Amino acid sequence: MRLVLDASAAVRLVMRAVTAERLLKAVADAAVVIAPSLYVSEVANALYKYVRAGDLDMDTALERYEEAMDLVDDFTPDRELTTEALTEAARYGHPVYDLLYVVLARRSGSTVLTLDQRLKTLLDRTGIDAFHDLINDEQRDG
């Protein structure tokens, strides 16, 4: 199975959330894990928010960042996805950054691992497979 890893799931995984063990299993079971290059800045920005809130020191944030980068086998440059993502964003009335994950999944025949409910709803609309049970369990776990 090919897996597109969304930044929301990666950050929860490296922050050792309640569902991290199950997220890690989903990543480990994948033959290949891919992401758009946007993933890099999304993960960094999420970790910055933890630092800003006082929940992480900078050294730990940098360690978590490296862990999140190591989860992905291959990054696809956003430039290769953006034209199609922009077209689909207009079609679905949804932000381009989420469509980068959708387009990558569709092109590669991958399942998407995300904890972002809005992206999960879009994946349902576009017919792209997602890990549904992890999203629902993460919402309960908080």
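Here are some notes:
- Report summary: the helix-based calculation at 222 nm, which adds -39500 (n - 2.57) for every DSSP H run with n ≥ 4 and divides by the residues of the chain, gives -19500 deg cm²/dmol.
- For Leu81, distant residues with modelled amide H under 5 Å away: none
- Karplus-based coupling profile of segment 71-88, in residue order and whole Hz: 6, 9, 7, 8, 9, 9, x, 4, 4, 6, 10, 5, 4, 5, 5, 5, 4, 5, with θ = phi - 60° in 6.51 cos²θ - 1.76 cosθ + 1.60 and x standing for Gly or Pro.
- Taking the empirical scaling 2.2 N^0.38 Å for compact globular proteins as reference, the chain has a Cα radius of gyration ratio of 1.00.
- Segment 2-141 - charge dipole about Cα centre, Lys and Arg +1 at Cβ, Asp and Glu -1, debye rounded to 20: 460 debye
- Selection among Thr87, Leu47, Gln117 by position relative to the dipole of the chain gives Thr87 as farthest towards the positive end (Cβ unit charges, Cα centre).
- Under 13 Å, Cβ to Cβ, from Arg64 - net charge with Lys/Arg +1 and Asp/Glu -1: -4
- Between 0 and 90°, nearest 10: helix 38-52 axis offset from the chain longest Cα axis: 30 degrees
- Chain lengthening between Tyr97 and Glu84 when straightened (0.36 nm per residue, less Cα-Cα): 3.5 nm
- Calculated P(r) of segment 25-90 - Cα pairs past 18 Å, %: 50 percent
- The stretch between Arg16 and Glu63, if pulled fully straight at 0.36 nm per residue, gains 15.6 nm over its current Cα-Cα span.
- Computed on segment 77-133, with alpha-carbon pairs under 8 angstrom and 6+ residues apart, the relative contact order is 26 percent.
- Degrees, to the nearest 10: 132-141 long Cα axis against longest axis of the chain: 30 degrees
The numbers here are math on the coordinates, done by the rules we state, and not lab data. No experiment lies behind these values; they were computed from the predicted model shown. Cβ coordinates were reconstructed from backbone atoms using ideal geometry, including for glycine residues, and neighbour counts include every protein chain displayed.
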